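This report concerns only the one structure given below.
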Amino acid sequence: MFTPDERARIGARVRGLRAALQITQAQLAYAVGKSVVTIQALERARHPPTKRTVAAVAQYFHTTPDALAGLAPLEFPSRPADAYVIPIPIGGPESA
């Protein structure tokens, strides 16, 4: 489980990475196999995220769950921003 402070850091870091790379919540959700509501809750630190969700998001951004939680340095991804863009099928993630 993550502490409330770690949850807040995870949310802020995910939101910051996503914004810096110009990725929508829907694109991130689709890429990691989660719902948009899950990404929204993660960014707002509303509910304790599962370790699986944090690990999937960390993997997508080429970092670690500890870095997202503020327990290790967070290095900005070195890949170009367009390498992170995942096209969403027409009709949204549910139609995939």
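Odds and ends about this structure:
- Look at the dipole of region 4-73 built from charges on Cβ: of Leu42, Ala55, Ala12, the Cα furthest out on the positive end belongs to Leu42.
- Neighbour counts of other Cβ atoms within 10 Å put Lys51, Lys34 in the fewest-to-most order Lys51, Lys34.
- Exposure proxy shown here: for His47, His62, the number of other Cβ atoms within 10 Å sets the order, fewest to most, as His47, His62.
- Three-way shape label, region 4-73, alpha-carbon gyration tensor, a/c 1.5: rounded
- Taking 0.36 nm per residue of separation and subtracting the Cα-Cα distance, full extension of the segment from Gln59 to Leu71 would add 2.7 nm.
- Relative contact order (percent, whole number), region 4-73, Cα cutoff 8 Å, 6+ residue spacing: 40 percent
Each reported figure results from applying straightforward, stated rules to the coordinates on display, with no laboratory input. Computed from a prediction, not measured in an experiment: that's the story for all the values here. Positions of Cβ are backbone-derived with ideal geometry, glycine not excepted, and every protein chain shown enters the neighbour counts.
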